[in-house]
Amino acid sequence: MSVDSCRVGVRRKAWELPFVAEPEELAGLRRVMRLHLERWGLPHCIDAARLCVNELVSNVIRHVGAGTPTTLSVSMNGTRLRIEVHDPDTRALPTLLSARAEDVSGRGMALVDALADRWGVVLRADSKVTWCELTTGLTAPDGHVGEATVMRAEALLMLYGVGASSPERDASLLTLAVAEEAAVGLIGDVLHWLRAHGRDADETLDRAQTRFESDVMRQL
């Protein structure tokens, strides 16, 4: 059995959020994007995604009108992160303008164009969808960015989780739930090992947490 056959998949289920397009809603939408992308294991996409959401929704407020019923939809399109903003106006189409340095508006779609891999508009009978897609660096829709720390941990969890599985368990795929169970078991066993060798397990946990938080801060 190869390591690749046991790859841990990250489930990224498409979701949507209906809301009323108001300036006061923008901060909440940015927070929602951050929370979901953290859970999806895409922290490196957060800043660009939040900016795109902010500009797409601001475009609705500015050109369709405050109070417009709107929906934010987020999904994976292959390995790209797809962001859609749905509104009921088929006439006010977003336009890419060449804003000058002294201009105070007109930069919205230019910013989306700069951040996104691609973007566009889909017209429907009674609504339109303005969308953009961001490159994630993933090699598979349910994969993760191959950082060395993550790859090392996953290799250990694959071996540990499959080794701890019952004979009846299908070992062809190490699911995220099995990987999490294996991680808890591995951490617990390592703490027992430290204790058996006269080390302070709590101190080691504190050091590991400090290192983890430091690594996360460097990625922001």
(request) For Glu25, indicate whether it is of a type in the set (D, E, K, R), in the same structural domain as Val121 (by TED's automatic domain parsing) and farther than 17 Å from Val145 by Cα. (result) yes
(request) Only residues in the range 119-144 that are among the hydrophobic types (A, V, I, L, M, F, W, C) count as the first member; pair them with residues that are part of a loop (DSSP other than H, G, I, E, B) and buried (at least 16 other Cβ atoms within 10 Å of the Cβ), Cβ under 6 angstrom, at least 6 apart or cross-chain, and list the lot. (result) Cys132/Ala116; Leu134/Ala116
(message) Being basic (Lys, Arg) and in contact (Cβ under 8 Å) with a residue 24 or more places away in the chain: is that true of Arg39 here?
(response) no
(request) Please specify each residue of the range 120-144 satisfying the condition of being exposed (fewer than 15 other Cβ atoms within 10 Å of the Cβ), over 24 Å from the mean Cα position of the chain (by Cα) and part of a strand (DSSP E or B). (result) Leu123
(request) Give the range 42-93 a look and list any residue that's free of Cβ contacts under 8 Å to residues at least 40 places away in the same chain and either closer than 30 Å to His144 by Cα or among the aromatic types (Phe, Trp, Tyr) (or both), or say none. (result) Ile46, Asp47, Arg50, Val53, Asn54, Val57
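The values are calculated or read from the model by the stated rules, or taken from the named source; none is laboratory data. Small disclaimer: the values here were computed from a predicted structure and weren't measured. No Cβ is skipped: glycine too gets one built from the backbone with ideal geometry, and neighbour counts run over all protein chains shown.
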